[in-house]
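Participant: Just passing along the structure, written as structure tokens.
Coordinate-derived values only; no laboratory data. As the structure is a computational prediction, the values presented were derived from the model and not from experiment. Here the Cβ positions follow ideal geometry from the backbone for every residue, glycine too, while neighbour counts run over all protein chains shown.
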Amino acid sequence: MLREVICFIAAAVAVFRLSLLVVDDPGPFEALDRLRERLGIFWVYDFNAQREHIPGTGQWVSENALGETLSCFWCVSLLAGSLIALATRCEIDAPWLLVGLAHSGISILLRKRFKVERY
């Protein structure tokens with residue numbers, strides 16, 4: 001029983017990290033940022049009335065549906081949660097889709113709890 005719980009928690013944290021990596025992390029040498037730009041995903045900063053950049057603000061802007069999906073933390077966590085649930089099969093007696101949704105929910109709660117934003 002303890003093994004299944006540890007496996008479930010580790011998989012949920014893996015979904016959180018993978019989702020964060022895909023959506024917000026610039027990656028080594030900003031490789032992921034360059035990949036996002038090639039996919040048509042751009043980070044647009046917010047500015048104040050004096051046209052000065054406001055640190056810690058902004059949003060993803062996309063040119064296509066794939067970019068919209070890959071710039072949405074919730075969407076990516078659903079995909080990652082389902083894939084990791086299929087891959088790990090932590091011997092939990094529940095359908096993989098339900099486990100994937102649980103992983104996604106935990107990763108969204110972790111992001112909200114720790115207020116993780118763009119690096």
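Participant: Classify region 60-119: rounded, prolate or oblate, from the alpha-carbon gyration tensor (a ≥ b ≥ c, eigenvalue square roots; a/c under 1.5 rounded; otherwise prolate if a/b is larger than b/c)?
Facilitator: Oblate shape, in that a/c is at least 1.5 and b/c is the bigger or equal ratio.
Participant: Tell me which of Leu101, Ser71, Leu32 sits at the most positive position along the dipole axis of the chain, charges placed on C-beta atoms (Lys, Arg +1; Asp, Glu -1).
Facilitator: Of the candidates, Leu101 comes out farthest on the positive side.
Participant: Any chance you could give the angle, 0 to 90 degrees and rounded to 10, that helix 96-114 forms with the longest Cα principal axis of the chain?
Facilitator: Long axis of 96-114 versus the principal axis of the chain: about 50 degrees.
Participant: Given a cut-off of under 8 Å on Cα pairs at least six residues apart, what relative contact order in percent is computed for the chain?
Facilitator: About 34 percent, as a whole number.
Participant: Arrange Trp96, Trp43 by Cβ neighbour counts within 10 Å, fewest through most, would you?
Facilitator: If I rank by nearby Cβ atoms, fewest first, I get Trp43, Trp96.
Participant: What are the trypsin sites (Lys or Arg not before Pro) within region 2-75 that DSSP puts in a loop, where the Cβ has at most 15 other Cβ atoms within 10 Å?
Facilitator: In loop regions of region 2-75 (DSSP not H, G, I, E or B), the sparsely surrounded trypsin sites (Lys or Arg not before Pro) are Arg51.
Participant: In region 32-119, what GluC sites (Glu not before Pro) fall in a loop by DSSP, with at most 12 other Cβ atoms inside 10 Å?
Facilitator: Within region 32-119, the qualifying GluC sites (Glu not before Pro) (loop, at most 12 other Cβ atoms within 10 Å) are Glu52, Glu63, Glu91, Glu117.
Participant: Using label points projected 7 Å from each Cα along Cα→Cβ, tell me how many nm separate Arg113 and Thr69, to one decimal.
Facilitator: 2.9
Participant: Grab the DSSP H runs of the chain that are 4 residues or longer, score each as -39,500 (n - 2.57), total them, divide by all residues and round the 222 nm result to the nearest 500 deg cm²/dmol.
Facilitator: Theoretical 222 nm ellipticity from helices: -19500 deg cm²/dmol.
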